[in-house]
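The values are calculated or read from the model by the stated rules, or taken from the named source; none is laboratory data. Being a predicted model, the structure only gives us computed values, none of them experimental. FYI the Cβ positions are ideal-geometry reconstructions off the backbone, even for glycines, and counts take in every protein chain you see.
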C-alpha cells in the first residue's frame, strides 16, 4: 500500500472533516470570525492548557496499550517481532512524536502569565494535539499491516538481502564477518515462522516463508561473485550455529573452499522444514522441492557448479526421507521437480551433472522397488525416459540410455511384476520416440535388452499402451499428462519396435 493511501489521505480527510465541522459550529456563534479564535486571554486558558497536555499524554497511553497488546500476541507466534517493531523507522517516529508533543504540552501549561500569552506556542500545541489525534487511525492500520505474517516474512527477507548487499560491498573484513550472524538469524526466523505455521495448519504463511528463503538465496547468488574473501570464511558465529556446530571439521573446510555456507544453511533449513511437513502438510514438501529447483537453476545460470551439486544432494535427501516415510504421492511430486532440474542441466549443456543426477534417480528407483513401492520405481522410469528424449533432442544421450536400461537389471528376480511392467512400458515409449526421430539403432538397443521378456508380458505391455489415447489422466495430477500416452507419430512406431522382438507379440 502506498504512503499516500495509508497516511496522507486519511490524515488530511480526518483533519479536514474535524476542523470544518468545528469552524462551522464556531462561526455560527462568533461575531469575530475565525481570526477571533486565536486571541487567547491569560485568564481564560489557564485551565485549558494543562488539559491539552493531558489529552496528548492520554492518546500516547492508548497508542502504547493497543500496540503493546498486538506486538505481544505476534511475539508469541513469531520470534523477533518485538525487535523488528522497535527497529522500524515509522514506529519510532510516531512514538517520538507523541513524546515530544507531551513534553511541549507540559512546558506550555506553565508558560502563561497574566501579562504574557504565548500565542504561537499555543497554536503549535493545538496543531500537535490535532495531528496526534487524527494520526491514531492510520497508525493503527499501519501497525496491523506491519504485523501481518506476510509482511513480517517480507521484511525479514528484505533485511537479509540488505545485509548481504552491505556485506559483499564492504572492504571491512570485520563488518563482513559480523553480517554472517545477521544472515543466519534471518534464515532461522523464516524457518521458525514456517514451523509455527505448519503446527497451526496455516499453509499460506508457511508457503510465503518457504518462498522467502528461496527469494533470498536467488538474490544472494546475484551478489555472491563480488563478496570479499572474509565473507566466505567460516567464522566463530557460523561454527557455533546449531546447524554447523556438529559438522566434521573437514566438511566445514569444504564449505569454506566451495564458498557455499549460505546456500548450505538455507537448504539445511529446507530439509528441516521438509521433514517437519511430512504427513502434517505435504503441500509444503512440494513447495520446498520446487523452490530448491529454482535455487539450482539460478546457480546454474550463474555458473556456480558447486551450488548446483549441493542442490542435488539436498534433493536426494528429500527423496530419501520421502521413501523412508513411504509417502508415494510426495515422492511422485518431488521426482517431477527433480526431473525438471535435470532437464535444465541438459539444456544448459551440463551433461556430467545430468548424468550423475540420473544415476541417483536410478538408485532411488531401485530402493523404492526393494521397499515394495513399485509406483515410485515406475515414476522414475518414465522420468528417466523423458530425460533420454530431451538429451537425444539436444546432443545425443547414449549414456543416459545406458543408465535407463540398467534400472531393472537387479530387479528382475524379485518378482514384483507390476513395477517391472511399468519400467518396460517406459522403455517401449522411449524406443518408439527413437524410431520416430530416425534413431533406429537406439531403439534396437532397447529391443535387445527386452529380448528375454516372456511373450505374454510383451503382449500385455503393447495392448496397455495402445489403449491409452488421451494425454489427460482420469484424475487431477500436477504433471498434466498420462505416463503411458504417446503422440500419434510415436504410437505408429510400436509395430516396428515389437517387430524387432522376433514377432513375439505379433
Next item on the list: Evaluate the stretch 381-388: report whether one residue or more is crowded, with 18+ Cβ neighbours inside 10 Å and modelled with pLDDT under 80.
Entry: no
Next item on the list: Please state which one of 123, 117, 183, 143 is within 30 Å of residue 48 (Cα to Cα) and either at pLDDT 85 or above or touching a strand residue (DSSP E or B) at 6+ places or on another chain (Cβ under 9 Å) (or both).
Entry: 123
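Yes/no per residue for (1) more than 17 Å from the chain's Cα centre (by Cα); (2) touching a residue at least 40 places away in the same chain (Cβ under 8 Å); (3) surrounded by fewer than 22 Cβ atoms within 10 Å (Cβ to Cβ):
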{"residue": "168", "(1), (2), (3)": "yes, yes, yes"}
{"residue": "171", "(1), (2), (3)": "yes, yes, yes"}
{"residue": "176", "(1), (2), (3)": "yes, yes, no"}
{"residue": "181", "(1), (2), (3)": "yes, yes, yes"}
{"residue": "218", "(1), (2), (3)": "no, yes, yes"}
Margin query: I need the full set of residues from the stretch 112-145 which are surrounded by 13 or more Cβ atoms within 10 Å (Cβ to Cβ), part of a loop (DSSP other than H, G, I, E, B) and in contact (Cβ under 8 Å) with a residue 24 or more places away in the chain, in order please.
Written below: 112, 117, 135
Check: For the stretch 226-253, how many residues are surrounded by 15 or more Cβ atoms within 10 Å (Cβ to Cβ) and in a helix (DSSP H, G or I)?
Finding: 8
Check: In the stretch 153-163, which residues are within 22 Å of residue 228 (Cα to Cα) and buried (at least 23 other Cβ atoms within 10 Å of the Cβ)?
Finding: 157, 160
Check: Which residues, taken from the stretch 37-64, are out of contact with any helix residue (DSSP H, G or I) (no Cβ under 9 Å at 6 or more places or on another chain) and either more than 18 Å from residue 101 (Cα to Cα) or in a loop (DSSP other than H, G, I, E, B) (or both)?
Finding: 41, 42, 43, 44, 47
Margin query: Going residue by residue through the stretch 7-23, is there one that turns out to be within 30 Å of residue 194 (Cβ to Cβ), at pLDDT 85 or above and within 56 Å of the chain's Cα centre (by Cα)?
Written below: no
Notebook entry, point to check: Taking the stretch 235-251, which residues are in contact with a helix residue (DSSP H, G or I) (Cβ under 7 Å, 6 or more places away or on another chain) and under 22 Å from residue 295 (Cα atoms)?
Noted result: 238, 243, 244
Item checked: Filter result for residue 444 (modelled with pLDDT of 90 or more, in a helix (DSSP H, G or I) and either in contact with a strand residue (DSSP E or B) (Cβ under 6 Å, 6 or more places away or on another chain) or surrounded by fewer than 16 Cβ atoms within 10 Å (Cβ to Cβ) (or both)) -> yes
Check: Mind checking whether some residue in the stretch 35-51 is buried (at least 16 other Cβ atoms within 10 Å of the Cβ) and either in contact with a strand residue (DSSP E or B) (Cβ under 8 Å, 6 or more places away or on another chain) or modelled with pLDDT of 85 or more (or both)?
Finding: no
Notebook entry, point to check: Given 160, 96, which one is out of contact with any strand residue (DSSP E or B) (no Cβ under 6 Å at 6 or more places or on another chain), modelled with pLDDT of 90 or more and assigned to a helix (DSSP H, G or I)?
Noted result: 96
Notebook entry, point to check: surrounded by fewer than 19 Cβ atoms within 10 Å (Cβ to Cβ) and assigned to a helix (DSSP H, G or I), is that true of residue 313?
Noted result: yes
Check: Only one residue in 321, 357, 299, 280 is surrounded by fewer than 18 Cβ atoms within 10 Å (Cβ to Cβ) and either more than 26 Å from residue 232 (Cα to Cα) or touching a residue at least 24 places away in the same chain (Cβ under 8 Å) (or both), so which one is that?
Finding: 280
